[in-house]
Amino acid sequence: MSHNDSFDKASLLECLKNVKSREARAYATANGWVRKPLDFGGLAVFDYSQRELTQLLIPLESESNDFPIRMLDVVQRLAEVEKRSVHEIANDLLNPNADTVRFRISDPSISSDLSLMKGIEILDGARKSLLAAAHSILAPVPYHSRLSRREAREFVDQCRLKQTEQGSFVVAIACPLDAVDAEGLLDGIDSFTRQTTKVLMESLDRIESRIEADQEASLTIAENGKVPISANLCDAIAKLEPPSERGFVEISMTWASTKPIEDTSLRKTVRFSEDHFSVIRDIGSRLRPSHETEVANFAGQVETLNGDLNADGMRYGEIVLDLLVENELVRTRVHLEPSDYAKADIAHMKGKPVIVRGELHRGRRTHRLANVTRFDVVEGVDER
Amino acid sequence: MTLLTSNNITAELSYAYLHAVAAKCGMSCSCGNRHDDGVGVDATIRVKENFGTDVVLNSFTIDVQLKSTTQELTLNEGRYSYPLPIKNYNELRDTSCSPLKFLVVMLLPADPEQWLAVSDQQLIARRCAYWLGLHGAGASTNATNQTVYIPEANVLTPDSLRQIAMKLARQEELTYVA
């Protein structure tokens, strides 16, 4: 597929009206273009340092009538040189002060659409990978029991989902460099965002490289000078798995043109194919504590009742709940005494949510809620 | 009745002429659409050539406003008078826009049978096209058309197109003499 395939010219021209000439010039300078001393007819002339007969003519006046057309020409030339789509380039020009991470899912089963549930899962995986990386720079540990640090959530809240780009299924997320004011919280001169995006790409690179070298076991061992790979990041990557065995996911980063990256050894693109995902899931399982408990109130829905009759003819025993834990529904088994079991029965029949307090044991596959001290049906909610 | 009207046909022939001349020079030519037409661009020629060490541009695009006519234009003192719609005139003269732009007017015979002749020996397209730069031309108070004067020497040929490209590559504008 060429990098200047057909695109919706009208909507692209409309977008390009919002590009600032200064920012386009800064992008060019940050990406290997050298401005010539003389402008021509309101156009700044740039030579590409790495290839002959390759120039950019960037319009200087945003108010000129042909600004969008001239900027389209700029975008097309950049797309040719960088071998990326015009939409990716346009999105980057519109967000010069943001690191943009792209999750590209390529799969033979995806022709023009993707199942809704898979699409939602991919978006969730993208969000959680950023959240996991942000937590890792705050606390470099192999597992974050709660992804709830204020600064990390604030960072993700500030990230923007960009316009759909052509080419497979692409989720593009712009991470503003000024998303979080974390002064005094972190070492180094880089912003919270830049540290997060660097950790994300370094971690992804390390995961892919070690798996390729059959050294995946080393990912569970702490290394000096490196932020540990977290189970949370592994779980997030697992959500990006393409629908079929021949698919792959490619995660790429475009650094903000206003703050070029200094470490040029950092990979900008990492690809995971089907072979990698089972290993990544396994690594995530090994990084997560096998038994981890948390006592709290949880909201949820009764899914199944598997109890038995006691000697008094009353039902008791195991039920299965879908509990809301950190914005995610997790299937959880609970053992209830007859009085609470009766409430669960009512909630199940009437489709009402429940509040339950107990000790949540997170397992590798199945969770369990023990020592239940509260089980209440939430009234005042419409029946199913 | 055919798919294309007579006006459509002359427009397509003028584009074909431009495309052929550009290709002979080793330049690509692409058709514009209504969005390009909104800024006076019917076609875009892409130039990629090293014209010499004293030349600034070596990779650039030139926008073309294409017109065609079967009318016999008045020739006076070596210049053809052509009534250019005022919208196009203002687009081409606009100094806030790129100077890499010019007008091409294709003159065709009145008889459509004379427009194109093909045999196993040759392809003949009649008659020819002329070019004109209008960047920075004076403002007009007309409401409908502005007459522009095209030197009869300005036949658009592969050689003249290359000369135009070299001039622009040296950052020299295609100035207009009213």
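The values are calculated or read from the model by the stated rules, or taken from the named source; none is laboratory data. Keep in mind that what you see is a predicted model, and the values were worked out from it rather than measured. Please note: Cβ atoms are built from the backbone with ideal geometry, for glycine as well, and neighbour counts cover all protein chains shown. Side chains included, ligands, DNA and RNA excluded: accessible areas come from the protein's heavy atoms. Shrake-Rupley method; radii C 1.70, N 1.55, O 1.52, S 1.80 Å.
Would you mind estimating how fast the range A:161-228 diffuses translationally, via Stokes-Einstein at 4 °C and 1.567 mPa s with the Kirkwood radius over Cα pairs, in µm²/s?
The Stokes-Einstein estimate is 89 µm²/s.
Is the shape of the range A:130-278 best called rounded, prolate or oblate, per the rule: a/c under 1.5 gives rounded, else a/b larger than b/c gives prolate, else oblate, with a ≥ b ≥ c the square roots of the Cα gyration tensor eigenvalues?
Judged from the Cα gyration tensor, the range A:130-278 comes out oblate (a/c at least 1.5, b/c at or above a/b).
Calculate, for B:Gln114 and B:Val55, the FRET efficiency according to 1/(1 + (r/R0)^6) with r their C-beta to C-beta distance and R0 35 Å; round to the nearest 0.05.
The value I calculate is 0.30.
In chain B, carbon and sulfur make up what percent of the accessible area (probe 1.4 Å)?
The computed percentage sits at 49.
Taking only Cα atoms and a 10 Å spring cutoff, compute GNM fluctuations for chain A and point out the largest among A:Phe67, A:Phe155, A:Phe248.
Of A:Phe67, A:Phe155, A:Phe248, the Gaussian network model singles out A:Phe67 as fluctuating most.
Using the Cα centre as the reference, give the magnitude of the dipole from point charges on the C-beta atoms of the range A:237-349 (Lys, Arg: +1; Asp, Glu: -1; all else neutral), rounded to the nearest 20 debye.
That gives a dipole near 560 debye.
Among B:Ala153, B:Ser59, B:Tyr89, whose Cα sits farthest toward the positive end of the charge dipole of chain B (+1 at Cβ of Lys/Arg, -1 at Cβ of Asp/Glu, about the Cα centre)?
Going by the charge dipole, the pick is B:Ser59.
With +1 assigned to the C-beta of every Lys and Arg and -1 to the C-beta of every Asp and Glu, and no other charges, what is the dipole magnitude of the range B:7-89 about the Cα centre in debye, to the nearest 20?
80
Take B:Asn145 and A:Glu303, extend 7 Å from each Cα along the Cα→Cβ direction, and tell me the distance between the two endpoints in nm.
7.8
Kindly write out, for the range A:252-265 in residue order, the coupling ³J(HN,Hα) from the Karplus curve 6.51 cos²θ - 1.76 cosθ + 1.60 (θ = phi - 60°), rounded to whole Hz, with x marking Gly and Pro.
Karplus-based 3J(HN,Hα) across the range A:252-265 equals 10, 10, 10, 6, 4, 5, 6, 9, x, 6, 8, 7, 6, 7 Hz.
According to the Kirkwood expression over distinct Cα-Cα pairs, how big is the hydrodynamic radius of the protein assembly as shown, in Å?
In the protein assembly as shown this quantity evaluates to 28.6 Å.
Considering only the range B:38-133, what is the antiparallel percent among its DSSP beta bridges, to the nearest 5?
Here the share of antiparallel DSSP bridges comes out near 70 percent.
Taking 0.36 nm per residue of sequence separation and subtracting the Cα-Cα distance, how much length would be gained by fully extending the chain between A:Lys83 and A:Glu262, in nm to one decimal?
62.2 nm
Need one number: % antiparallel among DSSP beta bridges in chain A, to the nearest 5.
Looking only at bridges with both residues in chain A, the antiparallel portion is about 95 percent.
If we restrict to alpha carbons, what Rg and Dmax does the range A:215-340 come to, in Å?
21.8, 74
Can you report the principal axis dimensions of the range B:58-178 using only the alpha carbons, biggest first, rounded to whole angstrom?
Principal axes ranked by extent give 47, 39, 25 Å for the Cα atoms.
Rounded to a whole number of µm²/s, how large is the Stokes-Einstein D of the range A:11-137 at 10 °C and 1.306 mPa s, given Rh as the Kirkwood radius over C-alpha pairs?
In µm²/s, the coefficient rounds to 95.
Using θ = phi - 60° and the Karplus relation 6.51 cos²θ - 1.76 cosθ + 1.60, list the HN-Hα couplings for the range A:271-279 in order, rounded to whole Hz, with x at every Gly or Pro.
For the range A:271-279, the Karplus-derived couplings read 10, 10, 9, 3, 4, 7, 5, 5, 5 Hz, x marking Gly and Pro.
Search the structure for amide H atoms under 5 Å from the amide H of B:Gln146, placed 1.01 Å from N in the peptide plane, and list their residues when 5 or more places away or on another chain.
The list, which skips near neighbours in sequence, is B:Leu84, B:Ile86.
Scan around B:Met106 for amide H atoms under 5 Å from its own, H built in the peptide plane at 1.01 Å from N, and keep only partners 5 or more places away or cross-chain.
Sorted by chain and number, the residues that satisfy this are B:Lys67, B:Ser68, B:Thr69, B:Tyr130.
Can you work out the base-10 log of I(q)/I(0) for the range B:1-137 at q = 0.10, 0.14, 0.16 1/Å, using the Debye formula on its C-alpha atoms alone?
Calculated log10 I(q)/I(0) at the listed q: -0.38, -0.74, -0.94.
In debye to the nearest 20, how big a dipole does the protein assembly as shown give about its Cα centre with +1 on each Lys and Arg Cβ and -1 on each Asp and Glu Cβ?
Using only the charged Cβ atoms, the result is roughly 400 debye.
Just which residues of the range A:73-88 lose 10 Å² or more accessible area with every protein chain there, against their chain alone, with the probe set to 1.4 Å?
A:Asp73, A:Arg77, A:Glu80
Calculate the length of the line joining the C-alpha centroid of the range B:135-178 to that of the range A:177-209, in whole Å.
55
Just name one of A:Asn31, B:Met166, B:Gly26: the one whose Cα is farthest towards the positive end of the charge dipole of the protein assembly as shown (beta-carbon charges, Lys/Arg +1, Asp/Glu -1).
B:Met166
Rounded to the nearest percent, how much of the accessible area of the range A:188-346 (1.4 Å probe, protein heavy atoms only) is carbon and sulfur?
Carbon and sulfur together cover 47 percent of it.
Using the heavy atoms of the protein chains alone and a 1.4 angstrom probe, what is the accessible area of chain A per residue in square angstrom?
So chain A comes to 48 Å² accessible per residue, rounded to a whole number.
Need one number: buried accessible surface between chains B and A, 1.4 Å probe, both sides summed, DNA, RNA and ligands left out, in Å² to 100.
Buried: approximately 2100 Å² between A and B.
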